Amino acid sequence: MARVMSRKLGIDRTSGKRLLVPLLVTAGLLLTGCSAIADKNSDQAKSSASVSKSKRMSQEELLASVRGGSYLDYPQAAQFIAEMKAEGFDESYLRKVLGEAKRQTSILKAISRPAERSLNWGEYRNIFIEPKRISQGVKFWKENRDSLLNAEAKYGVPAEIIVAIIGVETRYGRITGSYRVVDALATLGFDYPRRSAFFLGQLKEYLHLVQEEKLDFTALKGSYAGAMGYGQFIPSSYRNFAVDFDLDGQRDIWSNKTDAIGSVANYFAEHHWKSGEPVISPVNFAKEADDSWFSVGRKGLIPKVTLAEWRERGVTPELTLSDEGKAILMRLTIGEDQQYWLGLHNFYVITRYNHSKLYAMAVYRLSEQIKSAYEQSLVKTDVTH
């Protein structure tokens, strides 16, 4: 069983980097509804792709064999219409929706494509925490200063966290998706059996959404998975968390930056963000740490161990934290080194946006960089004036 060195580790307080013999570990990547990650081609990925090519083709052929002229021809259509009629929709409207929805083969290819090897923290970090995204974040903050101040005051969520989320998801609205949402959800709901129940559920939420907001169901665009707007909300998230932050009578997360900012902040508030509390803490190890203590997978994101219990195990946070608080222990790979962190309650809240500790760490670290650059830009402005 792999173990961590049994003496106190020398860890940089700002980077969390352990300065001893490195251990190599691979961290999983789960990224849903975010702006596209640049492809990381490797010999291993190419080999994997060639091995799985026949499987992909057979799956596509299987899907092709059940496709009719429109979604009205699908066996599931009758059940979908019946369920939505029970929720108050007119059958003629539902038939119009399913008749209008267009199957997008590119979506099926994208979602069926085998995942390449998991990225580690260093690789993941380099995608999202880079100078251009930071400078664009500072610009977004300055352009939307009042809305961010108001959101922070109302919801208790720091402006830099809101900005970082929008930066990671869509590069501040630059990459919000080009698929019609109705096409994306119908394609995955009817033509992707593995997640059919989920996406048909989101199609239902979408129809409620456009009815409530008095929108044209063909007009809205988003990602290939049906995520929408600056913050990439899926329809159920929109209905539960989107807000009309500028009080103009509509919750517009597609073109209204103020609503998008308020909606992201509300999402975090509704998931119990604790204002003024830290997100992560570097750690020291007073004795051996068992491999089973480290966070793995989605279930490993849920904080269950109290800080008092971590201290009893010899895992000591460098921040002053309450014994009653809970945290997860993380080991992240960067280059040939390891970083060790405790992910606290607010870290868990970030993972509610995307169920990945790498995502949450990227958002938080990007937020720090954006805040620092923003504050420095204000100092420069004061000096010049």
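The values are calculated or read from the model by the stated rules, or taken from the named source; none is laboratory data. Predicted, not measured: the structure shown is a model, and the values here were computed from it. Backbone-built Cβ (ideal geometry, glycine too); neighbour counts: all protein chains shown.
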Open item on the list: So if I check each of Leu119, Leu108, which one is in contact (Cβ under 8 Å) with a residue 12 or more places away in the chain, in contact with a Leu (Cβ under 9 Å, 6 or more places away or on another chain) and not in a helix (DSSP H, G or I)?
Closed with: Leu119
TODO: Filter the stretch 122-155 for residues that are surrounded by 17 or more Cβ atoms within 10 Å (Cβ to Cβ), under 20 Å from the mean Cα position of the chain (by Cα) and either of a type in the set (Asp, Glu) or not in a helix (DSSP H, G or I) (or both) and give the result.
DONE: Glu123, Ile129
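Residue-wise test of (1) part of a strand (DSSP E or B); (2) modelled with pLDDT under 95; (3) more than 16 Å from Ile81 (Cα to Cα); (4) among the small types (Gly, Ala, Ser).
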position	(1), (2), (3), (4)
Arg174	no, no, yes, no
Gly177	no, no, yes, yes
Glu205	no, no, no, no
Leu209	no, no, yes, no
- [ ] Search the stretch 283-307 for residues that are in a helix (DSSP H, G or I) and pair each with any residue that is β-branched (Val, Ile, Thr) when their beta-carbon atoms are under 7 Å apart and the residues are at least 6 apart or on different chains.
- [x] Gly300/Ile328; Leu301/Ile328; Leu301/Thr351
Open item on the list: Take Thr176 and tell me if it is touching a residue at least 40 places away in the same chain (Cβ under 8 Å), in contact with a helix residue (DSSP H, G or I) (Cβ under 6 Å, 6 or more places away or on another chain), of a type in the set (Ser, Thr, Tyr) and more than 26 Å from Ala362 (Cβ to Cβ).
Closed with: no
TODO: Identify the single condition in (1) within 19 Å of Gly167 (Cα to Cα); (2) free of Cβ contacts under 8 Å to residues at least 12 places away in the same chain; (3) of a type in the set (S, T, N, Q) that Thr320 does not satisfy, given that it satisfies every other one.
DONE: (1)
- [ ] Can you confirm whether the stretch 295-312 contains a residue that is over 27 Å from the mean Cα position of the chain (by Cα), assigned by TED's automatic domain parsing to the domain that holds Ser147, surrounded by 22 or more Cβ atoms within 10 Å (Cβ to Cβ) and not hydroxyl-bearing (Ser, Thr, Tyr)?
- [x] yes
TODO: Look at Ala197 and say whether it is outside any strand (DSSP E or B), out of contact with any strand residue (DSSP E or B) (no Cβ under 6 Å at 6 or more places or on another chain), surrounded by fewer than 23 Cβ atoms within 10 Å (Cβ to Cβ) and not acidic (Asp, Glu).
DONE: yes
Open item on the list: Being farther than 23 Å from Asn266 by Cβ, surrounded by 23 or more Cβ atoms within 10 Å (Cβ to Cβ) and not acidic (Asp, Glu) narrows it down to one residue among Leu344, Leu378, Leu358, Leu319; which is it?
Closed with: Leu358
